[in-house]
Number of protein chains: 2
Amino acid sequence: MKQWTTGEVCKQRDISIRTLRYYDQINLLTPSFKDANGRRYYSEDDLFKLEKILLLKSLSLPLENIRDLLDKLSYKQILVSHHNYLQEQLSKLQSSISNTTSLINMMDLEDSLSWEHVVKLVQNSQNPPKKWIDYFQEDEKSFLQGAIPSISNNDKTTHQYILLIQRIEWCIKHNIKAESDEGLQIASALMELSNDTFQGDTELMEQFWEVRKLPAEETGFYPISEEVLEFVERSIAYAETLA
Amino acid sequence: MKQWTTGEVCKQRDISIRTLRYYDQINLLTPSFKDANGRRYYSEDDLFKLEKILLLKSLSLPLENIRDLLDKLSYKQILVSHHNYLQEQLSKLQSSISNTTSLINMMDLEDSLSWEHVVKLVQNSQNPPKKWIDYFQEDEKSFLQGAIPSISNNDKTTHQYILLIQRIEWCIKHNIKAESDEGLQIASALMELSNDTFQGDTELMEQFWEVRKLPAEETGFYPISEEVLEFVERSIAYAETLA
DNA sequence: TATATTAGATGACGTTACGTCACCTGCAAT
DNA sequence: ATTGCAGGTGACGTAACGTCATCTAATATA
């Protein structure tokens with residue numbers, strides 16, 4: 001029967017010698033053989049037990065509980081609960097990522113974030129709100145899912161939308177009207193982007209802008225002000241009169 | 001200017017009073033105002049700072065480093081690195097989940113796991129091996145991705161495959177030939193399953209069984225023994241002679 | 001008015017899962 | 001003869017708080 005020394009076990013499982021000695025000390029994993037000089041030798045069974053321990057530890061179970069549970073749980077039970085734990089972590093991570101992306105994108109829109117925005121986003125992460133996509137029909141969802149730039153989406157398209165909205169906000173601040181050269185440029189950029197996104201489906205596109213008028217809590221979008229929406233509509237209308 | 005007491009802040013951010021006092025103690029977050037009785041009052045700026053701290057803490061940065069970094073990093077920098085961190089966690093989690101699923105499925109096939117199987121799987125999780133899907137053509141991948149039951153897939157189809165393989169192993173152990181009633185039943189169940197999976201594409205199906213003959217390290221599959229594969233082929237051949 | 005409750009404060013010690021350090025041993029190689 | 005290495009044993013240190021005993025000021029209730 002092959003046996004392993006502390007050093008060998010450490011390398012295999014990437015843990016420290018101290019850890020093994022500690023587990024021996026607290027009677028969690030005692031090597032099945034100790035020679036006259038006190039050197040520890042681990043059997044294959046010991047390694048299985050160690051594996052169980054590490055799995056249970058990854059559930060952030062305290063070592064004391066692990067010691068009590070170890071013999072009562074089968075390998076499979078441990079693996080299954082480990083699996084469930086990982087799944088839960090996964091969904092938490094995903095919502096965390098989406099919230100972080102939202103915040104980052106928001107920072108591009110506002111120079112300084114208001115405290116309330118941040119709090120709302122972080123608090124909402126507990127019980128996720130109605131998602132904007134729910135405002136559309138079932139059969140449209142699959143298409144929208146990838147195509148529409150929600151604020152939780154940090155791809156290139158989203159960024160371009162954000163840049164355009166910034167540009168519009170700049171225009172409003174500097175009293176530049178939608179019916180101007182700048183307005184024309186914005187309108188054509190917007191139309192090109194929209195065309196890319198909606199592939200010519202004008203009805204979907206209009207629905208999209210309608211939804212963006214709703215307050216942020218309901219849609220998950222960063223709310224676009226009435227002023228910006230008006231600028232969009234007027235600049236596009238102006239562009240169409242010239243065409 | 002609104003101010004918040006310790007208790008209020010604790011509830012908002014779901015941390016303990018002790019934590020706030022500790023942060024004060026180590027000079028990480030000192031409330032901007034203390035009254036004559038030593039009661040702490042936090043301003044909006046303080047709350048922003050706390051938010052930064054909690055974000056950096058979630059990167060598992062030690063508090064001491066956080067204190068040094070806090071003024072040097074903008075909110076956005078923090079958010080972006082937080083985002084990167086989360087992404088990394090996500091991919092780790094995903095491979096962890098897939099490995100765990102593999103192990104669980106393996107346990108259905110073997111009553112006792114051999115130590116070497118476990119070690120290989122856990123070690124491979126560091127640098128992911130060639131994936132089985134790479135054995136197919138690019139344009140076939142998208143179809144295969146969802147349809148084929150790899151061992152890292154715990155859906156219903158996978159489970160049915162595993163049950164069938166267990167049944168075949170049972171037959172082999174009890175010396176029941178492929179050319180028997182039991183063999184016939186297995187063959188028809190297999191064919192039905194394969195039809196579901198491959199939607200009649202027999203060429204893909206044959207490739208699939210070919211790949212399963214390769215050793216596990218290369219494919220990521222649980223290796224099917226020659227005996228089982230032979231049983232499969234013979235039982236199907238037998239079924240076809242009777243049809 | 002007396003008192004009970006609440007929301008805060010301050011030491012001081014405890015906790016987990018090890019890291020780190022000083023020092024000791026048996027054995028192989030130089 | 002000594003050097004290096006892989007292992008050992010206390011003993012103390014660490015991070016980020018939890019917990020406990022005790023104290024204080026303000027408010028609510030009898």
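Quick notes on this one:
- Test result for A:L55, facing chain B (nearest Cβ under 9 Å) and under 23 Å from the mean Cα position of the chain (by Cα): no
- Filtered by the rule that a residue be open to solvent by 30 Å² or more (accessible area, probe 1.4 Å), touching a residue at least 12 places away in the same chain (Cβ under 8 Å) and within 12 Å of DNA strand D (Cβ to nearest atom), the range B:28-58 gives B:R39, B:L54, B:S58.
- Whichever residue in the range A:52-88 is touching a helix residue (DSSP H, G or I) at 6+ places or on another chain (Cβ under 8 Å) and part of a loop (DSSP other than H, G, I, E, B) and, among such residues, is modelled with the highest pLDDT: A:L70
- Meets criteria (closer than 16 Å to B:S96 by Cα and assigned by TED's automatic domain parsing to the domain that holds A:N27) for A:L69: no
- Top-ranked residue of the range A:8-31 - restricted to ones that are away from DNA strand C (no atom under 11 Å from the Cβ) and within 14 Å of another protein chain (Cβ to nearest Cβ), ranked as farthest from the chain's Cα centre (by Cα): A:E8
- Residue within the range B:25-35 that is at negative phi and part of a helix (DSSP H, G or I) present: yes
- Taking the range B:90-101 as the range and being within 7 Å of chain A (Cβ to nearest Cβ) and crowded, with 17+ Cβ neighbours inside 10 Å as the test, the residues that pass are B:L93, B:S96, B:I97, B:T100, B:T101.
- All positions within the range B:65-89 that are in contact (Cβ under 8 Å) with a residue 12 or more places away in the chain and over 29 Å from the mean Cα position of the chain (by Cα): B:I66, B:R67, B:L69, B:L70, B:L73, B:Y75
The values are calculated or read from the model by the stated rules, or taken from the named source; none is laboratory data. For clarity, every value in this text was computed on a predicted model and none was experimentally measured. We place every Cβ from the backbone using ideal geometry, glycine too, and count neighbours over all the protein chains shown. These accessible areas exclude ligands, DNA and RNA; they are computed on the full protein's heavy atoms, side chains included. Shrake-Rupley method; radii C 1.70, N 1.55, O 1.52, S 1.80 Å.
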